[in-house]
Each structure stands twice: as structure tokens, then as C-alpha cells.
1. One residue is enough: does region B:64-75 have a residue meeting the conditions modelled with pLDDT of 95 or more, assigned to a helix (DSSP H, G or I) and more than 17 Å from the chain's Cα centre (by Cα)?
2. Could you list, in sequence order, all residues of region A:67-94 that are within 13 Å of chain B (Cβ to nearest Cβ) and touching an Asp or Glu at 6+ places or on another chain (Cβ under 8 Å)?
3. Which residue out of B:ALA46, B:ALA30 is farther than 15 Å from B:ASN101 by Cβ, open to solvent by less than 60 Å² (accessible area, probe 1.4 Å), out of contact with any Asp or Glu (no Cβ under 9 Å at 6 or more places or on another chain) and outside the structural domain of B:HIS117 (by TED's automatic domain parsing)?
4. What's the number of the only condition in (1) crowded, with 18+ Cβ neighbours inside 10 Å; (2) farther than 16 Å from B:TYR103 by Cβ; (3) more than 12 Å from DNA strand D (Cβ to nearest atom) that B:LYS83 fails to meet?
5. Among B:SER64, B:SER56, B:SER32, which is the only one that is within 16 Å of DNA strand C (Cβ to nearest atom) and under 21 Å from A:HIS171 (Cα atoms)?
6. Got a number for residues in region A:76-104 being touching a Ser or Thr at 6+ places or on another chain (Cβ under 7 Å) and not in a helix (DSSP H, G or I)?
7. Residues that are surrounded by 14 or more Cβ atoms within 10 Å (Cβ to Cβ) and within 14 Å of DNA strand C (Cβ to nearest atom): does region A:68-76 have at least one?
8. Inspect region A:161-169 for any residue being open to solvent by less than 30 Å² (accessible area, probe 1.4 Å), among the charged types (D, E, K, R) and under 26 Å from B:ALA182 (Cβ atoms) and give the result as yes or no.
Protein chains: 2
Amino acid sequence: MARTAYHHGDLSQQAHQQALATLREQGDGAISLRALARQLGVSAPALYRHYADRESLLAELAISGFQALRQRLLAVNQQDSRKALIGIGLAYVAFARDEPNLYRLMFGGRVLPRGAHPRLDQAGLAAFQVLEDTVANGQQRGYLKAAPLSLLTAAAWSLVHGLSQLTIDGHLPGPDSEPQLAAGITALLLDGSVERTTNKEPSP
Amino acid sequence: MARTAYHHGDLSQQAHQQALATLREQGDGAISLRALARQLGVSAPALYRHYADRESLLAELAISGFQALRQRLLAVNQQDSRKALIGIGLAYVAFARDEPNLYRLMFGGRVLPRGAHPRLDQAGLAAFQVLEDTVANGQQRGYLKAAPLSLLTAAAWSLVHGLSQLTIDGHLPGPDSEPQLAAGITALLLDGSVERTTNKEPSP
DNA sequence: TGCCAATGTTAACGCCGTTAACTTCGGCAA
DNA sequence: TTGCCGAAGTTAACGGCGTTAACATTGGCA
């Protein structure tokens, strides 16, 4: 169907783009189908030809977010296991820093209950898979402990996810020191936090 | 001011309680001032005598959430440094599991931009302080590395926060195995994830 | 006792998501 | 070439929301 005065011709794509722009600038709470339609010079119900409801539109945005995150994690691709793991952590946090509102939508949990949008779940899983593969690889090479893969992966994911969330919410020191912080924290998970010279606790 | 047919007498308190109940059951998105007023048998604008707007009400809920979290962290109080640290982690994740919707409100970041509600920032800081004190204590006793306190604390907080978020959003295995997972992950941050026997990476 | 500040009320504005019923129009079948 | 049908738009409407303005009630203090 081609472009006409009546038929818009590319509404789905443009709605996605415009909604993404609004999300980036003002967060998902600012996304309204009516305002979106207004900006696109179209009536509000027209959007319902392309999205079942507001939540479906948000789900599409989240899906593209997971795909972008996955690409950034795949781009790390270091040979050395330690560098690969720290690189993944840095890339993850950098994504959250660059796209805070998108990241919040993806992981907010407020919208989009798990299981409501299968394609969304699948996109999230695909991004997670990159992290898990990196951990598994480090383990196969003997760099990481022989602990259960699910445990190591959950630890790594929890760490970078928590750091991302705290960073974009301003709970941690300014963004200038953020890369060092991320690298230092990742290193802590790798090397441990306990003082190795004294395994026993000294008496107080 | 006493209870009357006209004057409710305890609206502020009851609104808080009712909103908290709705939050627990359906999340903050389901909290509406009009519905709240209806449930309390009062007109909607009456609530504006006690809360500047919807966001202020949510801020109050979040504040009480941080206070509850702080109490649960304070209740750990183990002598042994390692047990104290793991105990804090378990308590933190347990709180999130018990109050998922409240936890999301507290850390969602979607509502309540940092700095908008000073008392909220202060309540969050007070909860964070318990974690930092525990870390500092472990460090002073020589159990933890002599790394910068802010780094160690950020790592611990990131880990438990990320684990909490992933847990309540259903990204990790069922809640039955959750305590073991939390304990195992916390132990990983303490002891490290790398295989100690081989510090060098073997050639592939 | 009278008044004032606190705490309620109704009415209204403009926004929102969503649905129903109708219109336009591109492209394919006869 | 024509006719029609389904995709993709339209307007109108419903009910809900946050919020404000203007007004009403009333408890307690001077």
C-alpha cells in the first residue's frame, strides 16, 4: 500500500521511531498513543491498526532495545577470558548509561509482565545468552571456577545489572568515574573481596 | 480534628495504608487517587489536603519501604564478618522477594526522580548506610580487602540489588532455590570466581 | 461566643486508552 | 477494464484519570 493523502503508508515504522525518541527523552511514562498520533499527523485509532494497545508498542520498543544490547555485547569479542568478561561488564553498563530510559523499560518489570509478549521474552533471552556464553567459555578454558554455570552467570548478570540500575538512577558517584568503577567491581567478582593473607577472622 | 460525618479524621493515614495495599497487590501503576478516594468513601480532591499530588503519595510509600528495608538489614547483626555480609545479602533479597511491587517503586527510577523528594533520598541513604557499615566493619576487622570502601560497597550493593531485581522479575530460576542462589552468589563475590590454581590462562 | 484554619464538598477542564461504526483506496480476479 | 474487498485510515463517543477553582462544614481557640 503506497503513500497517499489518506493512507499514510509507513505508520508502523514511524510510530516506532517517534515513540523511541519520546522514550529516550522523557521515559516511557511520557509515551501516549494520542500524542504520538498527533505528532505523526494521524488520528489516534489509526495506531491500533499496527499495535494492539499501548503495551504492545512498549513491548516493541523493549524488543529493539534487547537486540541493540545484544549487538553491543557481541561486539566485545575479546580472546583473553578475563578481558572478555570485564569487557562484557563494561559494555553492559555503558549501554544502560547511554540509554537509561530504554534500559528502564526493558528491565522495569512494571510494564510488560513476563510471558505476556513471547517475542520480548525471546529477545531478552538472546541478549542474556551472550553473557552466558562468555562465562561458559571462560569456564571451559579453566579460567573460571568449576561452579555451576547457572550460578556464575547469575552472579555476573546480577552484578552488571545492579550496577547499571544504580548508575542510571544516580545512586552512585558521577558518571565520570563510572568506567573505572565498573571495571573495579567486575574485577572484585573475579578475584574476590576477602583478604587472602588471613583466611581466619582476627579477634576484635 | 475528630471524626465526623463531614470530617474524616484520619484520612492521611488510611490513604497511606490503602495505597500500600493496592501497591502490594497490583503495583504502583494501579494506584489512582480517584479510586483511592472512592475506596475510602471520600471525594478525590480531599486527598490533596494531605498529598500534593499522586507522586508525593508514591514518595511516601517508597519512604516507608526504605525504612522497612533498613530495619530488616539492621536485624541481621551477626558477629562474624562473613556471616554478617552474607546475611545482609540474604535479607536484602528476601525483602525484595516479599515486597516486589514496593521494591520496584523504591528503585524503579521511573517515578520519583532523584532530588525531587529530599526525605525519600534521605531514607534511601539510611538503608544504604547499613550495608556500608557492614562492609566497613568487615574491612576494619581485616576480613575484607583494603580496597576503597566505596568500591567494595558499590560492588556489594550492585550484586544484591541486581539479584533482587532479576529475581522478582522472574529472570532467574524459581523462588524455591532462591536463598541458596543468593548465598552462593554472595560467596562468589567474597571468594572470587577465578580458578586459583591456574592464574594464567591455558592456551586454547 | 464567634471566628478562622483545617478539612471536606461539587463542578469542571483537558488529558488519556480504547471501541464502534463508517470511509477511502490500492490491487487483484473476472 | 471493471468491480469489489480488505487494509488502513476517519470521526464520535465512553469512561477513567490528575488536578484546580470555588464553595461548605466544623472543631477548637481567643
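1. Here is the first cut: in region B:64-75, the residues modelled with pLDDT of 95 or more are B:64-75.
With assigned to a helix (DSSP H, G or I) added as a condition, the list becomes B:64-74.
Imposing the further condition that a residue be more than 17 Å from the chain's Cα centre (by Cα) reduces the set to none.
Within region B:64-75 (the criterion being modelled with pLDDT of 95 or more, assigned to a helix (DSSP H, G or I) and more than 17 Å from the chain's Cα centre (by Cα)), the answer is no, since none of the residues qualifies.
2. Across region A:67-94, the qualifying residues are A:ASP80, A:SER81, A:ARG82, A:VAL93.
3. Values: B:ALA30 fails: farther than 15 Å from B:ASN101 by Cβ.
Testing whether each residue is farther than 15 Å from B:ASN101 by Cβ, open to solvent by less than 60 Å² (accessible area, probe 1.4 Å), out of contact with any Asp or Glu (no Cβ under 9 Å at 6 or more places or on another chain) and outside the structural domain of B:HIS117 (by TED's automatic domain parsing) leaves just B:ALA46.
4. The failed condition is (1).
5. Working: B:SER64 fails: within 16 Å of DNA strand C (Cβ to nearest atom); B:SER32 fails: under 21 Å from A:HIS171 (Cα atoms).
Answer to the check: B:SER56.
6. Of region A:76-104, the ones touching a Ser or Thr at 6+ places or on another chain (Cβ under 7 Å) are A:84-86, A:88-89, A:92-93, A:96-97, A:103.
Cutting the leftovers down to not in a helix (DSSP H, G or I) gives us none.
Final tally of qualifying residues: 0.
7. The answer is no, given that none of the residues of region A:68-76 is surrounded by 14 or more Cβ atoms within 10 Å (Cβ to Cβ) and within 14 Å of DNA strand C (Cβ to nearest atom).
8. Yes - at least one qualifying residue is present in region A:161-169.
The values are calculated or read from the model by the stated rules, or taken from the named source; none is laboratory data. Here the structure is a predicted model, which means the values were calculated and not measured. FYI the Cβ positions are ideal-geometry reconstructions off the backbone, even for glycines, and counts take in every protein chain you see. Just the protein is used for accessible areas: all its heavy atoms, side chains included, with ligands, DNA and RNA removed. Shrake-Rupley method; radii C 1.70, N 1.55, O 1.52, S 1.80 Å.
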